[in-house]
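Take a look at the structure set out below.
Derivation of every value follows stated rules applied to the coordinates shown; laboratory data play no part. A quick note: this is a predicted structure, and the numbers were derived from the prediction, not measured. Cβ coordinates were reconstructed from backbone atoms using ideal geometry, including for glycine residues, and neighbour counts include every protein chain displayed.
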Ligand code: ADP
Ligand code: MG
């Protein structure tokens with residue numbers, strides 16, 4: 001009797017998606033390899049667990065809201081001399097996320113602040129942490145509209161439940177007093193529950209200026225700096241150094 005449809009039905013009732021969709025292959029492989037009962041059961045259960053872990057990882061990466069993907073393996077430490085190999089390895093190990101430390105990456109445009117923050121956050125997704133990425137500008141939008149906009153509310157809820165939050169491009173645009181206060185409230189709320197990676201083109205002394213409020217800037221920096229590593233990323237712009245010219249390529253082709 002062909003039990004396949006029945007087994008698939010049972011697998012579906014039990015939520016065993018991998019077993020349901022891959023049943024024929026699983027059985028074929030087991031027959032081909034003359035697997036023992038023990039190995040067969042192990043393979044089925046292992047396959048199901050692996051499938052679920054992969055799906056959950058995919059979901060975490062999708063829901064993190066990265067504008068694009070960047071990877072640690074592509075970060076060139078020879079170019080970025082502000083970070084030692086040891087520091088880079090320590091950051092990659094993510095124990096600082098468990099310890100709820102913050103990381104502030106500051107420096108001029110093109111030095112790799114966004115690359116490093118996305119790559120670390122992506123790696124954290126792979127390792128099972130709940131992560132959110134936002135630019136400062138869209139964070140302000142979320143904070144201003146979460147009471148009336150469902151998507152903003154969902155984004156804020158996710159931020160509040162994240163193990164790691166990247167806030168990219170802090171200080172690029174001036175913010176209003178109301179926005180500054182909302183930012184402070186959020187930072188206070190996240191303290192001791194969520195690690196932050198903040199990228200900024202401003203030195204600490206300039207925060208008072210872009211927030212237009214010295215007391216507020218001090219209060220925010222006080223909270224952020226409590227358990228924090230700060231990396232001043234100096235050097236040349238990777239973009240400018242590795243500028244790719246379409247016209248030059250065209251010219252070389254013709255010569
Ligand atoms: P920033 O956020 O500091 O303005 P980005 O992270 O956006 O700079 O970097 C600009 C471009 O240069 C990106 O495409 C990024 O991948 C690349 N880049 C910057 N620094 C490095 C580096 N050290 N190794 C590899 N690529 C880099
Ligand atoms: Mg950037």
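What the pair-distance distribution of the chain shows, using all Cα-Cα distances binned every 5 Å from zero, is 1, 5, 11, 14, 13, 12, 10, 8, 7, 7, 6, 4, 2, 1, 0, 0 percent. Computed extension gain for residue 37 through residue 148, at 0.36 nm per residue and net of the alpha carbon distance, reaches 34.3 nm.
Taking the longest Cα principal axis of the chain as reference, the axis of helix 113-126 is set at about 30 degrees. Along its three principal directions, the equivalent ellipsoid of the range 86-238 from the Cα gyration tensor extends over semi-axes of 22, 20, 14 Å, largest first.
When the alpha carbon coordinates of the range 150-255 are projected onto the principal axes, the ranges are 61, 35, 27 Å, largest first. Just so you know, the Cα atoms of the range 1-122 work out to an Rg and Dmax of 22.2, 70 Å. Taking Cα atoms, how many degrees apart are the long axis of helix 4-13 and the longest axis of the chain, rounded to 10 and kept between 0 and 90? Helix 4-13 sits at roughly 40 degrees to that axis. Under 15 Å from a label point 7 Å along Cα→Cβ of residue 87: give me every residue in the range 181-219 with its amide N that close. In the range 181-219, the label zone of residue 87 (backbone N under 15 Å from the point 7 Å along Cα→Cβ) covers 198-200.
Mean residue ellipticity at 222 nm from the helices of the chain, using -39,500 (n - 2.57) per DSSP H segment of n ≥ 4 over the full residue count, to the nearest 500 deg cm²/dmol? Can you show the working numbers first?
Numbers: 13 runs with 149 residues, N = 255.
Helices in the chain give a 222 nm mean residue ellipticity of -18000 deg cm²/dmol.
Once the Cβ-Cβ distance of residue 237 and residue 52 is raised to the sixth power relative to R0 = 45 Å, the FRET efficiency obtained is 0.60. Here the range 66-137 is treated as an ellipsoid with the same Cα gyration tensor; its semi-axes, largest first and in whole Å, are 18, 16, 12.
Placing a pseudo-label 7 Å from each Cα along the Cα-to-Cβ vector at residue 230 and residue 10 gives an inter-label distance of 6.3 nm. Straightening the chain between residue 77 and residue 25 buys 14.3 nm, computed as 0.36 nm per residue apart minus the Cα-Cα spacing.
How far is helix 214-225 tilted off the main Cα axis of the chain, in degrees rounded to 10, range 0 to 90? Helix 214-225 sits roughly 40 degrees off the main axis of the chain.
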